[in-house]
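One structure is given here, and the rest of the page talks about it.
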Amino acid sequence: MPRCVLTGLAAGFLLAATAPALAQVQRSFPATALRGELRITQPPEALLNGQPARLAPGARIRDSQNMLAMSGALAGRPMVVHYTLDTLGLVLDVWVLTEKERARQPWPSSPAQARAWVFDPAAQTWSRP
């Protein structure tokens, strides 16, 4: 019995020691992700950069801890996000940015900028030509 308790305690300490390292993993964003301000009004309705927008059926919203978030829980608050659009122009994927991710500049805010700039997926950075 004492051996099981000691093994369990050792496993718990090991897990607790690795938890901060797991929290610091850099998120990867696709090259199609644009930066903007999203405010969910009445789901699935939203304002994207001050313009009316709509969340796609099955839209995925990840909060700043990279956990899935429900659109209703985020309603009413402005968020700086990276987002992708589906083929119909509906908001499909949303990542609420952390302070560190917001500081990463430049990041395109329009499809025209994304076409003109160069994306480095490994470093998760954009550069202007």
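No lab work stands behind these numbers, since they all come straight from the coordinates. Here the structure is a predicted model, which is why all the values come from computation and not from measurement. Using ideal geometry, Cβ is built from the backbone for each residue, glycine included, and neighbour counts are taken over all protein chains shown.
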Among residues of segment 86-104 being closer than 18 Å to Gln42 by Cβ and assigned to a strand (DSSP E or B), the residue farthest from the chain's Cα centre (by Cα) is Val91
Examine segment 109-116 for a residue that is of a type outside the set (S, T, N, Q), surrounded by 13 or more Cβ atoms within 10 Å (Cβ to Cβ) and closer than 28 Å to Arg128 by Cα, and state whether such a residue exists.
-> yes
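Here's the yes/no breakdown for (1) charged (D, E, K, R); (2) touching a residue at least 40 places away in the same chain (Cβ under 8 Å):
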{"position": "Thr32", "(1), (2)": "no, yes"}
{"position": "Arg39", "(1), (2)": "yes, yes"}
{"position": "Ala46", "(1), (2)": "no, yes"}
{"position": "Leu55", "(1), (2)": "no, no"}
{"position": "Arg62", "(1), (2)": "yes, no"}
{"position": "Leu68", "(1), (2)": "no, no"}
{"position": "Gly72", "(1), (2)": "no, no"}
{"position": "Ala75", "(1), (2)": "no, no"}
{"position": "Met79", "(1), (2)": "no, yes"}
List pairs: first in segment 98-126 and touching a residue at least 60 places away in the same chain (Cβ under 8 Å) and within 21 Å of Met79 (Cα to Cα), second surrounded by 12 or more Cβ atoms within 10 Å (Cβ to Cβ) and of a type in the set (D, E, K, R), Cβ under 9 Å, 6+ apart or cross-chain?
-> Glu101/Arg27; Trp107/Arg35; Trp107/Glu101; Pro108/Arg35; Ser109/Arg35; Gln124/Arg27; Gln124/Glu101; Gln124/Arg104
Whichever residue in segment 56-85 is assigned to a loop (DSSP other than H, G, I, E, B) and in contact with an Asp or Glu (Cβ under 9 Å, 6 or more places away or on another chain) and, among such residues, is surrounded by the fewest Cβ atoms within 10 Å (Cβ to Cβ) = Pro78
Output yes when any residue across segment 31-49 is surrounded by fewer than 12 Cβ atoms within 10 Å (Cβ to Cβ), within 15 Å of the chain's Cα centre (by Cα) and assigned to a strand (DSSP E or B), and no when none is.
-> no
Could you please find all residues in segment 66-98 being of a type in the set (Ser, Thr, Tyr), in contact with a strand residue (DSSP E or B) (Cβ under 8 Å, 6 or more places away or on another chain) and more than 14 Å from Pro111 (Cα to Cα)?
-> Ser71
